[in-house]
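Colleague: This is the structure I want to talk about, given as structure tokens.
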Amino acid sequence: MIRTSHRLPGLAVTDHAFTVPLDHAAPGGATIEVFARELADPVRARDQLPWLLYLQGGPGGKSPRPLNTGGWLGHALRTHRVLLLDQRGTGRSTPVTARAAAALGPARRLADHLALHRADSIVADAELIRRQLCGDEPWETLGQSYGGFVTLSYLSFASEGLRACYITGGLPGLDATADDVYAATYPRVRERLTAHYRRHPGDRALLRHLADHLARHPVHLPDGDRLTVRRLRALGLMLGMGDGSARLHWLLDEALGADGAPTATFLQQVMQLTSFTDNPLFAVLQESIYGRAGAATGWAAERALAAHPAFAEDADPLLLTGEMIYPWMLREIAGLRPFAEAADLLAARTDWPELYDPARLAANRVPVAAAVYHDDMYVDAGLSLGTARAVGGLRAWVTNEWEHDGVTASGGRVLARLMDLASGRA
């Protein structure tokens, strides 16, 4: 383990680098580096504080880089030492970038490498790190979105390492397949677009105009990729966040020039929002996180699309898509092309290890508090509540006050509520 320390305003910071097995089932084989950033209140930096491990959403999301001590982090630092983990393959943890993917060689080798970046491997990394930092002491976790999926795997296979768990917008269906997930997702995305058009009626005609223009004229993004109608529709991914509708509206506010063609400003922003340069694993592993033993995910979002004719590219209103990844993305988006063949192999894979142990979860005694966002566009509330009933020791708080990013948008109130629930104070 390598560590370095420094100070930021209001924060005592220690950066850690850990060497871990690429495949925890073969500890004598290849290794990778996993990075984590320790944060503490400078006044309490030498105190024996309980640890809170933060598990970021994704898949493929690196841990946040702190700019201040506000929000959930400020609330946590009152009582805890926080560890921001860059999950394997992200941030500074031997990142799986387009360049790295190209260097790994044949598609089969890359697919096997990617398959070792699911929740079970992240949990094994976390346990190795916990033992180095805490010895035999368990720690607490805060899992946002996909971080909640990782938490359920943690409770399934290494609950002895956990003192309490907090989950925000991240209770997966324990037996849900990728097909189940997308059958529920398309109607929620349609509802979100309908609400957006009610709020911003001019955006309906503007998006339809953009789509018609792109269908008739070749338009290219600054990186050379062609902006197609289906790539335009990928902007709907932002709508699941609390400010997503406003962000989409202001993006469209500067979308067209006087000639009716997309502006350079709009094209630059679309490239940044849809290129996956910073988080290719989000696209590459999006369906693999639902992979179960004996069943291929088989590009479930693409197959489910056929059952929803309202999402046709020539439909009016034009419906954007949400957290769906399609095979065309791996071939039309520059930053994803090195992953295309490997992603096809992952979609066809059937030898996935199980990520959850229903019996152990039912017998769980670790206090768990989970925020279930009633209108969550990304994680179906019905599936989440089914899981809440199946996990022992779990208290669910259902709310429509926040969207999927509630733990960040609430300024610490969501985490405070969950801590009170887990401790029995509420």
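Colleague: Can you run the Rg to Rh ratio on the stretch 196-258? Use alpha carbon positions and the Kirkwood inverse-distance Rh.
Modeller: On the way: Rg = 12.1 Å, Rh = 12.5 Å.
Radius of gyration over Kirkwood radius for the stretch 196-258 works out to 0.97.
Colleague: Using the crude model of +1 on Lys and Arg Cβ and -1 on Asp and Glu Cβ, and no other charge, please compute the dipole size for the chain relative to its Cα centre, in debye to 20.
Modeller: Details: 43 positive and 47 negative charges, 141 e Å.
In debye, rounded to 20, the chain gives about 680.
Colleague: Please identify, among Arg216, Arg230, Arg192, the residue showing maximal mean-square fluctuation in a Gaussian network model of the chain using a 10 angstrom Cα cutoff.
Modeller: Arg216
Colleague: For the stretch 223-228, what does the Karplus curve 6.51 cos²θ - 1.76 cosθ + 1.60, with θ = phi - 60°, yield as ³J(HN,Hα) per residue in whole Hz, taken in order and with x for Gly and Pro?
Modeller: Whole-Hz 3J(HN,Hα) from phi for the stretch 223-228: 8, x, 5, 7, 8, 9.
Colleague: Suppose a student asked you for the relative contact order of the stretch 359-412, using Cα pairs under 8 Å spaced at least 6 residues apart; what percent would you report? Write out the running numbers ahead of the final one.
Modeller: Working: 63 pairs, mean separation 23.5, N = 54.
The value is 44 percent.
Colleague: Quick one: which residues, 5 or more positions from Arg395 or on another chain, have an amide H under 5 Å from its amide H? H modelled 1.01 Å from N in the peptide plane, none for Pro or chain starts.
Modeller: HN-HN under 5 Å from Arg395: Val368, Ala369, Ala370.
Colleague: Given springs between every Cα pair under 10 Å in a Gaussian network model of the chain, which of Ala304, Ala101, Ala195 has the largest fluctuation?
Modeller: Looking only at Ala304, Ala101, Ala195, the biggest GNM fluctuation is shown by Ala195.
Colleague: Can you give the direction-averaged projected area of the convex hull of the alpha-carbon atoms in the stretch 222-309, in nm²?
Modeller: Averaged projected hull area, Cα only: 7.8 nm².
Colleague: Something else: Looking only at the chain, where both bridge partners belong to it, what percent of the DSSP beta bridges are antiparallel (to the nearest 5)? Please report the intermediate quantities before stating the final value.
Modeller: Details: 24 of 48 bridges.
The antiparallel fraction comes to roughly 50 percent.
Colleague: While we're here: Of Met1, Gly291, Ala211, which is farthest towards the positive pole of the chain's charge dipole, taken about the Cα centre with +1 and -1 on the beta-carbons of Lys, Arg and Asp, Glu respectively?
Modeller: The one lying farthest along the dipole's positive direction is Met1.
Colleague: Okay, next question. Pop a pseudo-label 7 angstrom from the Cα along the beta-carbon direction at both Ala306 and Ala426 and give the gap in nm to one decimal.
Modeller: Reported label-point gap for Ala306 and Ala426 is 4.6 nm.
Colleague: Could you run the Debye sum over the Cα atoms of the stretch 336-426, one equal point scatterer each and no solvent, and tell me log10 of I(q)/I(0) at q = 0.26 Å⁻¹, two decimals?
Modeller: Relative scattering, expressed as log10 I(q)/I(0), comes to -1.25.
Colleague: List, in order, the whole-Hz ³J(HN,Hα) value for each residue of the stretch 3-16 obtained from phi through the Karplus relation with A = 6.51, B = -1.76, C = 1.60 and θ = phi - 60°; use x for Gly and Pro.
Modeller: 9, 9, 10, 7, 10, 10, x, x, 9, 9, 10, 10, 8, 10
Colleague: With a point put 7 Å past each Cα toward its Cβ, work out how far Ala205 is from Ala334 in nm, to one decimal.
Modeller: 3.5
Colleague: Tell me which residues come under 5 Å, amide H to amide H, from Gly143 once H is placed; ignore anything under 5 positions away on its chain.
Modeller: Amide H neighbours of Gly143: Leu55, Tyr166, Ile167, Thr168.
Colleague: I've got another one for you. About the Cα centre of the stretch 178-348, what is the dipole size in debye to 20, counting +1 per Lys and Arg Cβ and -1 per Asp and Glu Cβ, all else neutral? Show your work: numbers first, answer last.
Modeller: Values: 17 positive and 21 negative charges, 58 e Å.
So the dipole magnitude of the stretch 178-348 works out to roughly 280 debye.
Colleague: As a check on your grasp of the helix formula, calculate [θ] at 222 nm for the chain: sum -39500 (n - 2.57) over DSSP H runs of n ≥ 4, divide by the residue count, round to the nearest 500.
Modeller: So the helix-based figure for the chain works out to -11000 deg cm²/dmol.
Colleague: Turning to a different aspect of this structure: Label points 7 Å out from Cα along the Cβ direction at Glu341 and Arg163: separation in nm?
Modeller: According to this spin-label approximation, the distance is 5.0 nm.
Colleague: If you don't mind, there's one more thing I want to ask. Rounded to whole Å, give me the distance from the Cα center of the stretch 62-113 to that of the stretch 234-307.
Modeller: The two parts, judged by their Cα centres, are 20 Å apart.
Colleague: What is the extension gain from Ala362 to His6, computed as 0.36 nm multiplied by their sequence separation minus the C-alpha to C-alpha distance, in nm to one decimal?
Modeller: Numbers: separation 356, 0.36 × 356 = 128.16 nm, distance 4.28 nm.
Stretched fully, the Ala362-His6 segment lengthens by 123.9 nm.
Colleague: Same structure again: So if each residue of separation counts as 0.36 nm, and I subtract the Cα-Cα distance between Ala258 and Arg99, what length gain in nm does that give? Display every interim value, and only then the final one.
Modeller: Details: separation 159, 0.36 × 159 = 57.24 nm, distance 3.89 nm.
Length difference between fully extended and current span is 53.4 nm.
Colleague: Follow-up. State the Cα centre-to-centre distance between the stretch 186-222 and the stretch 368-421 in whole Å.
Modeller: A separation of 30 Å, based on Cα centres.
Colleague: Hull surface divided by four, with the convex hull built on the Cα atoms of the stretch 164-218: how many nm²? Working shown, then result.
Modeller: Working: hull surface 27.4 nm².
The directionally averaged projection comes out at 6.9 nm².
Colleague: Let me check the size of the stretch 178-348 from its C-alpha atoms; what are the radius of gyration and Dmax in Å?
Modeller: 15.9, 55
Colleague: Another one. What is the Rg over Rh value, at two decimals, for the stretch 271-386, using alpha-carbon atoms and the Kirkwood definition of Rh?
Modeller: Values: Rg = 17.0 Å, Rh = 16.7 Å.
A ratio of 1.01.
No lab work stands behind these numbers, since they all come straight from the coordinates. Everything numeric in this text was worked out from a predicted model, so none of it was measured. Neighbour counts are summed over all protein chains in view; Cβ atoms, including those assigned to glycine, are modelled from backbone coordinates with ideal geometry.
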